[in-house]
1. Working from Cα positions, state the angle (0 to 90°, nearest 10) between the long axis of helix 242-254 and the longest principal axis of the chain.
2. Quick one: how many Å² of SER255 are accessible to a 1.4 Å probe, rounded to 10?
3. Which of rounded, prolate, oblate describes segment 269-458, given a ≥ b ≥ c as roots of the alpha-carbon gyration tensor eigenvalues and a/c under 1.5 marking rounded, otherwise prolate only if a/b is larger than b/c?
4. Taking 0.36 nm per intervening residue step and subtracting the Cα-Cα distance, what contour gain separates ASP88 from TYR135 on full extension?
5. Working from Cα positions, state the angle (0 to 90°, nearest 10) between the long axis of helix 94-105 and the longest principal axis of the chain.
6. Nearest 0.05, what FRET efficiency do GLU359 and LEU146 give at R0 = 45 Å with Cβ-Cβ as r?
7. If you count the DSSP beta bridges with both ends in the chain, what percent of them are antiparallel, to the nearest 5?
8. How are the C-alpha pair distances of the chain spread across 20 Å bins, as whole percents from the shortest bin up?
Amino acid sequence: MDQAAIDRLAAQPVPKGRLLIGGAWVEGQGGETPVISPIDGRILTTLANASPEDVARATADARAAFEAGRWSRAAPAARKAVLHRLADLIERHALELAVLGVRDNGTEIFMALKAEPGSAAGTFRYYAEAIDKVYGEIAPTAPNVLGLVHREAVGVVGAIVPWNFPLMIGAWKIAPALAAGNSVVLKPAETASLTLLRLAELAIEAGVPPGVFNVVTGPGRVTGEALALSPDVDVLVFTGSGATGRRLLEYSARSNLKRCYLELGGKSPNIVFADAPDLAAAAKAAATAIFRNAGQVCVAGSRLLVERSVHDAFVAALCAATATMRPGNPLHLSTQIGAVNSETQLAGNLRFVADAQAEGGQVVLGGTRALAETGGFYMDPTIVAGVAPGHRLFREEVFGPVLAVTPFDTEDEAIRLANATDYGLAAGVWTASLARAHRMIRALRAGVVHVNTYGGTDVTVPLGGVKQSGNGHDKSLHALEKYTDLKTAWIQL
Ligand code: NAD
């Protein structure tokens, strides 16, 4: 990778964002909003605000395109070819997309390259390949009848996504939805829309027909709400906060009972037993588990539970490992911790630290804003020890670079503490005991349990939460269940 190429791309002006409705780029009826780069607090460009009327046109066009059948009834092999072309284009424009995304949301460039265009292209390829390999079924009925099970596209999919990994999370939803033959109306986050607008340009270039893929940008409470209330939307797929997830369920109840699949937040426990095979490696992994992308990762290991006999030594090793990770300009290849996404998010992170101290937690590292002179939004990686189950920092998701540390004495206590949260997204367990690892996998209420590692991912492996971390799964063939309906045919022979 070449820093000079990144710098050249980062110096280019960013065109203003418009809406993609029915295959045409249009202005929003709700005016425009400036896009603030978290790198330096400066205005990068503007985004169009889609009004409820704009959203209604987008959903109606999506419905019309679905009914017309140019995409929905095309042979799976034809859709596959278009989605492969889109993956090719994403790869061809990978550096451009990564730099644009970093300027928009502040993720470290070395991570953005891998997690954003890299993962999005792989996701489009995976579902392009899957779609002509998923068959219907013939049920084992009595011999005088035939029970056929068809898998059909659901119709119009509304997708609402967050700001932390917009391309990757967007692709997790758009790729299986399009592969299955649906039309999509996408609503990106206010502070991370630019790469998804560029993706939409590439989708048109790849040959996705007009109206099949639409993008409406704008405020959640206006544009997102209109999409979630739309009678034209059959299924709503969402990644974001629990508070918004609750609203979406209400909108569904108030409108057409559209199905809602929610990928929500986490307060994931990373549990270190004294018998961990390599405590130094565990300390390094615990640091990256919470501090990469400035903690703005849904599965971040944000609660560290450490067996008391190794607690003090482990916290010292963790502080030493973290000391090498400094926040910096996310466009620099050497930066390990990028910017916090917005000023509001930064203020919220600092409030969490103040509340933790007021409740008796001890800040052993960080706790402060960093690089304020840049005008950007940065925070020192922060470790708070002595966090008890009643504390706010133990229960609520920060979605920032703030780690809560809590000691435990027994395996049972570790399980109790780990599960003492409304969330159930991810967990980590560090132990040399195979039996303990399997006991923990069974006992932890989480969608994914990592053992002697933290945060690995692959498009072949489903990601989803339990409890208030949501329902349904992104990635893997299981994701197709959200974008297809079963229809049975009963035939008398
Ligand atoms: P958010 O809920 O504030 O916003 C997410 C999206 O919802 C944005 O596009 C926003 O505009 C839209 N929105 C907001 N209010 C809305 C409304 N009333 N109606 C319709 N749409 C509305 O979340 P965020 O701050 O962008 O993202 C951070 C959250 O996402 C964290 O809780 C994080 O854990 C979670 N997350 C979860 C996963 C996962 O896979 N489980 C992945 C990434 C992020």
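1. Rounded to the nearest ten degrees, it is 30.
2. The value for SER255 is about 40 Å².
3. In terms of gyration-tensor shape, prolate.
4. Net length gain for the segment: 14.3 nm.
5. Long axis of 94-105 versus the principal axis of the chain: about 60 degrees.
6. FRET efficiency, GLU359 to LEU146: 0.10.
7. Bridges in the chain are about 45 percent antiparallel.
8. Bin by bin from 0 Å, the calculated values are 24, 54, 21, 1.
The values are calculated or read from the model by the stated rules, or taken from the named source; none is laboratory data. Quantities reported herein were computed from a predicted structural model and do not represent experimental measurements. As a convention, Cβ positions derive from the backbone with ideal geometry for all residues, glycine included, and neighbour counts pool all protein chains shown. With ligands, DNA and RNA removed, areas are computed over all heavy atoms of the protein, side chains included. Shrake-Rupley method; radii C 1.70, N 1.55, O 1.52, S 1.80 Å.
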